[in-house]
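The values are calculated or read from the model by the stated rules, or taken from the named source; none is laboratory data. Nothing here was measured: the structure is a model prediction, and the numbers come from that model. Methodologically, a virtual Cβ is constructed for each residue, glycine included, from the backbone with ideal geometry; neighbour enumeration extends over all protein chains shown. Areas reflect the complete protein model, heavy atoms only, side chains present, ligands, DNA and RNA absent. Shrake-Rupley method; radii C 1.70, N 1.55, O 1.52, S 1.80 Å.
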Amino acid sequence: QVQVQESGGGLVQAGGSLRLSCLASGSALSLFVSDWYRQAPGKRRELVASINNYGRANYADSALGRFTISRDNAKNTVFLQMDSLKPEDTAVYYCNWWGGAGNSYWGQGTQVTVSS
């Protein structure tokens, strides 16, 4: 069983930065795709960024140019560096490790609040 734990959320002013971390425990995780999602109140959960085991990253349009996803395969950790934060980035951010059908593991989420 894979366990996933996010950290690094908090309250920041608009224009500020936060760095989220996500640690996963388990085996063969270096082969998994790692994603960051977010869910704002009253809205659907949306994909923010993803990165595969080769380090290839993809971003939602809202994150492009401001957020950077990275991972340390040796430590089963994925990061999300968030710069130039906006109030609309306020949400609970979730980490997901996906290794194919039936192998999707979520963390409990970490709250990010951006004040104007």
Got at least one residue in the range 63-79 being assigned to a strand (DSSP E or B), open to solvent by 50 Å² or more (accessible area, probe 1.4 Å), in contact (Cβ under 8 Å) with a residue 12 or more places away in the chain and not small (Gly, Ala, Ser)? yes
For Lys86, state whether it is open to solvent by 50 Å² or more (accessible area, probe 1.4 Å), touching a residue at least 24 places away in the same chain (Cβ under 8 Å), in contact with a strand residue (DSSP E or B) (Cβ under 8 Å, 6 or more places away or on another chain) and farther than 18 Å from Ser27 by Cβ. yes
Given the condition out of contact with any helix residue (DSSP H, G or I) (no Cβ under 9 Å at 6 or more places or on another chain), among the small types (Gly, Ala, Ser) and in a loop (DSSP other than H, G, I, E, B), answer yes or no: does some residue in the range 89-99 qualify? no
Do we find a residue being more than 11 Å from the chain's Cα centre (by Cα) and at pLDDT below 95 anywhere in the range 54-70? yes
